[in-house]
Amino acid sequence: MRGRTKWSALAIAVLIAALAAGPALAAGNGRSVLRPDLDAIRDAGAVGVQARVVSPTGRFAEASGTAVLGRRVPVPVDGHFRIGSNTKTFVAVVLLQLEAEGRLSLVDSVQKWLPGLVQGNGNDGNKISIRQLLQHTSGLYDYPHQVERELTTEQGFRAHQFLRLPPEEVVARGVRHPPVFEPGKAWGYANVNYVLAGMIVQKVTGASWRTEVRRRIIEPLGLRHTSLPGDSPHLPRPHAEGYTKDTGTGNLFRSTEISLGWVGAAAEIVSTTADLGRFWRALLGARLLPPAQLAEMKTTVPVGKPGYEFGLGMARQRLGCGTWVWSHAGGTSGYLTGNAVTEDGRTSVIVSRSLDGGTRAEDAAADRLVEHAICRK
């Protein structure tokens, strides 16, 4: 959900000595090429962290920290986690596939597909296009972010842990507020944009967005460890326990189980580093979209941060070495997901931290990992 936070797409140092070892998967046997940077994230405050890099020169996976706070339990390198706003990228792909099939246009209004849903208090679905939903230029007030802020304390988490809301109600609670800005006049990250996007998928196809994501992405790519749990609060095993740093007390509390079906197409999917990396490489490798739609997805707008731009369901960032990568941050209670994928789709880095609300030092360590993974040849 927290795609608006510093993306911190984590990465892994690929050292010359390790490259000579070829494509073997390094995991858990002593200090591999991944461990120094992963240990830096752990030492900065993360309870647990797992990472995987796939590139033409090798495949590596490793973990650091513990899967259970206060105990020495190895973090599984194939552990499941909530990918948060990476879900949006999956949903954007489905809508762009539907455009390629001639079943909708990105300039179609929300009103055309969901008549009467976005109206009142200055909101007008006639003025908001599908493109603006996907690019976060709709200006809609983000009710899910209001809940998200409350989830950062243990009291708020307990109050919303098993929240159940139909998407229509999520939208209605947002429309009670006036728009943040006029559609198309600015950029403002809003989860509600993708709640609406998921509803449009269902209106166009007659099937839920979950069904379409499975049929069009998960099954063709063989993502056997990727799931859409709906309202179920449970994670498949193996997984590291998730923790949240209480913004009020500073204490950590366990936040592994939570229902995210209410925010659905904005943040629901559960996956692994291997599956998520395969998805990103397929996307940038032009295996999911025709050239015209992939070009649409890569058409970006500035977001007020130098070297950072937002396309349709994914972001483009320039690293310190000048290389541009694609990504989408993912944050939910208990888990932060970072990624970096090269323009050609040949190299992907996926990292999952089992703590949200971490320190600035943790984010700084994550940024260093990006440079090490992509910039070091």
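The values are calculated or read from the model by the stated rules, or taken from the named source; none is laboratory data. None of the values given here were measured: they were computed from a predicted structure. Because the Cβ atoms are built from the backbone with ideal geometry, glycine has one as well, and the counts that use them run over all protein chains shown. Only protein heavy atoms, including side chains, enter the accessible area calculation; ligands, DNA and RNA are left aside. Shrake-Rupley method; radii C 1.70, N 1.55, O 1.52, S 1.80 Å.
Values for this structure:
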item: Packing rank of 113-120, 186-193, 301-308, where each peptide gets the mean count of other beta carbons within 10 Å, highest leading; result: 186-193, 113-120, 301-308
item: Gain on full stretching of the segment that runs from E343 to E168 - 0.36 nm per residue minus C-alpha separation; result: 59.3 nm
item: The stretch 163-318 - Debye-derived log10 I(q)/I(0), Cα point model, q = 0.19 Å⁻¹; result: -1.52
item: Debye log10 I(q)/I(0) for the stretch 134-248, one point scatterer per Cα, at q = 0.11, 0.22 Å⁻¹; result: -0.49, -1.30
item: In nm, spacing of pseudo-spin labels at R176 and E219 (7 Å Cα→C-beta vector); result: 4.0 nm
item: Euclidean distance between Cα centres, the stretch 142-200 to the stretch 336-364, Å; result: 24 Å
item: Segment A292-R316, length gained on full extension (0.36 nm per residue, minus Cα span); result: 6.9 nm
item: FRET E, pair N126, N251, Förster distance 41 Å, beta-carbon r, rounded to 0.05; result: 0.30
item: Gyration tensor (alpha-carbon) shape descriptor, the stretch 78-176, a/c threshold 1.5; result: oblate
item: Under the Karplus curve 6.51 cos²θ - 1.76 cosθ + 1.60, θ = phi - 60°, whole-Hz ³J(HN,Hα) for the stretch 152-157, x wherever Gly or Pro sits; result: 7, 10, 4, 5, x, 4
item: Helix 192-205 axis, angle to the chain major axis (alpha carbon atoms, nearest 10°); result: 70 degrees
item: For the chain: span of alpha carbons on each principal axis (Å, largest first); result: 59, 47, 37
item: Sulfur and carbon atoms: percent of accessible area, the chain [1.4 Å]; result: 51 percent
item: Most to least packed among 327-335, 313-321 [average Cβ atoms within 10 Å]; result: 327-335, 313-321
item: Cβ-derived FRET efficiency at R0 25 Å, D78 paired with D43, nearest 0.05; result: 0.60
item: Rg/Rh (Cα only; Kirkwood hydrodynamic radius) as it applies to the stretch 281-377; result: 0.97
item: Whole-angstrom Cα spans of the stretch 130-198 along principal axes, big to small; result: 37, 21, 20
item: P(r) of the stretch 337-376 over all Cα-Cα pairs, binned every 10 Å from zero, in whole percent; result: 25, 54, 19, 2
item: Straight-distance crosslink candidates among aspartates and glutamates, where the alpha carbon sits under 18 Å from K245 and sequence neighbours closer than 8 are dropped; result: D43, E148, E150, E154, E257, D356, E362, D363
